[in-house]
Every structure is written in C-alpha cells, then in structure tokens.
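The values are calculated or read from the model by the stated rules, or taken from the named source; none is laboratory data. Predicted model only: the values in this text are computed from it and were never measured. Here the Cβ positions follow ideal geometry from the backbone for every residue, glycine too, while neighbour counts run over all protein chains shown. Side chains are part of the model used for accessible areas, which takes the heavy atoms of the whole protein and leaves out ligands, DNA and RNA. Shrake-Rupley method; radii C 1.70, N 1.55, O 1.52, S 1.80 Å.
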Amino acid sequence: MNTNTHELATNPFSAVLLQMQYTPLLNIEHYIAPIQDMLRKLGYPLCHTMKGDIVQLTTSGDLEKKAIEQWMLVSSDYQKALILDAEKCTFQVFDTQANSLDAIVREFEFLVHTLDTILDFSIITRLGLRCIQSIVESTNLSWKTIVQKGFLGSSLPVDIPWTGSGWYNFALQRTIQLQVLQNPSIFQVRILQNPSGRLYPDDILRDPRGLTDFVTPQTLVTCIDLDHYGSVEYIDKQTLLLNQKEIFHAFYAVIMKVFLTTITTKEAHALWS
C-alpha cells in the first residue's frame, strides 16, 4: 500500500474495529461457556453479558424492535474486546499506538479461527473495518485545526439569538468496486460531535461499567468516523478466512487515503509525524 501513512510516526486513530457477520446462530448462547473458557486463556479474562433492543426495517418496510443479547470478552486492561452475538463478532482495539494494522488483523484472524473451531460458521456474509479519530477540544487544539475547511460546515445567520455553542454532524456514503471483492463495498465517513466529553460514538462501548469512555465532563469531542465494509457471502468460507488480510488492507488503503488527503489538514499530519 503506497500512501503517506508510513511517514506518520504516530497512529492517528483512537480506535480500530474489525467486524465479521455470518448467517444467524440461533442457539449461540449454548456455545458461550466454551468460548469464554478458551478466550480467557488467550488474554480475554473478563466477560460481560449485554441485553438490549435494536430497531430494524422489515421486508414490508415497517420498523420492528428486536431483542438482542451480546457477550463482551475483554482484556484485563479494557484495551481490546471481542463482542459476540448471534449474527456478528466485532473486535475493538483502543491501544492503537501499540498495535499496527497488521498486528490487529492477525489477532482478529486468530480469534475468528478460534470461534470457528467451536461455532463452525456456515456462511460469512460481510467484513468491515472502522477507524475512529477522537479530537478532544482544548486551548491548544481545536477540531477546526485538524479538519479541512470543506468539512467544517456552513455558518448560520449571526443576527439570530442562538444559545450555546452547538455541535456539528456530517455524513457521506459512497460505493467502491475493489478487486478483492466480487461485490461493491460501501465507504462511509461521519464527523460527529458531542459536548459531554464522551470519547467515542454512542454505539461503541469500551467498558460496560462506563468508566473509561469519558474525558473531562462538558468537553467537546469531535469524532472522525470512517467505516468501510462489503459483502463476502459469495466467497467460499475457507478461501475467505485465508484472504481476510488482503481484504482488510484494501479497506484500510481507502480509509487512509480519504483521511489524509481529503479530511485532515497538514497541521494535523505534523502532529502525528
């Protein structure tokens, strides 16, 4: 991959997530005990069970609430976690300075292989890579220094009595035809802000106890959230498992090119060099 990323001394991302989706395992709860026992020996000794609801669109176009149960297997320092449910597994890495993309992909491959020995996935349907940069607003650093002008948003009329400073959200989606995939992949970029000091987007949970996701309260945090994923359901499972690295690196090449050439500034690159 020939990009300027190799010139950066510091990994610019605050979190990296890899995800694999598969055809539903309706009795997955019966496999959690052996999975937990195996992963605790591999450096993931903490286990949390999470229950909630998701809203999804049915084939008839109606919104339907669906109960979901997830199991979160976490390293003792909460820097890595594997989140598992009946339809997907997500690998979260937060100590990105200590882990290259190669190292993250290798560990995910190992974890997927471990799961496959127990669950024996029938069909893998999708792979995805998500990279997040969290910018904590301070007197020395502003998100407007990091993000290029084209992504800063429009100004509102000054003669309206606005209260508070407000916050900014932006989203863009495009499709890409990659050689490593038979189907077009989907690339999304979002810029999300929250004034509560939460370091990551609301759908990312590092610690179910809620102890590690916040900086100083009432601090503006801007998240540059880049997500690249694609359908792999027509690729033979064994072939796919052997070629995960190539697919994830293809996803990453697009993410980094957009991140460095289109979204972030030269001033930001100097901070990471």
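Annotations for the structure displayed:
- Consider the stretch 87-130 and keep the residues that are of a type in the set (Lys, Arg) and surrounded by fewer than 21 Cβ atoms within 10 Å (Cβ to Cβ). The one that is nearest to residue 76 (Cα to Cα) is 106.
- Identity of the residue in the stretch 238-259, under 14 Å from residue 128 (Cα atoms) and polar (S, T, N, Q), that ends up surrounded by the most Cβ atoms within 10 Å (Cβ to Cβ): 244
- The stretch 77-94 residues that are under 17 Å from residue 200 (Cβ atoms), paired with ones that are in a strand (DSSP E or B) and open to solvent by 30 Å² or more (accessible area, probe 1.4 Å) (beta carbon under 8 Å, 6 or more apart): 78/46; 83/70; 90/19; 91/19; 91/80; 92/80; 93/80; 94/80
- The residue that is farthest from the chain's Cα centre (by Cα), counting only those in the stretch 125-147 that are among the hydroxyl-bearing types (Ser, Thr, Tyr) and more than 30 Å from residue 237 (Cα to Cα), is 139.
- Under the condition of being open to solvent by 20 Å² or more (accessible area, probe 1.4 Å) and either touching a His at 6+ places or on another chain (Cβ under 7 Å) or farther than 15 Å from residue 39 by Cβ (or both), the residues counted in the stretch 65-76 number 5.
- Scanning the stretch 16-41 for residues that are open to solvent by 70 Å² or more (accessible area, probe 1.4 Å) and within 24 Å of residue 104 (Cβ to Cβ) yields 38, 40, 41.
- Any hit, the stretch 175-183, residues being out of contact with any Gly (no Cβ under 8 Å at 6 or more places or on another chain), open to solvent by 40 Å² or more (accessible area, probe 1.4 Å) and farther than 30 Å from residue 243 by Cα: no
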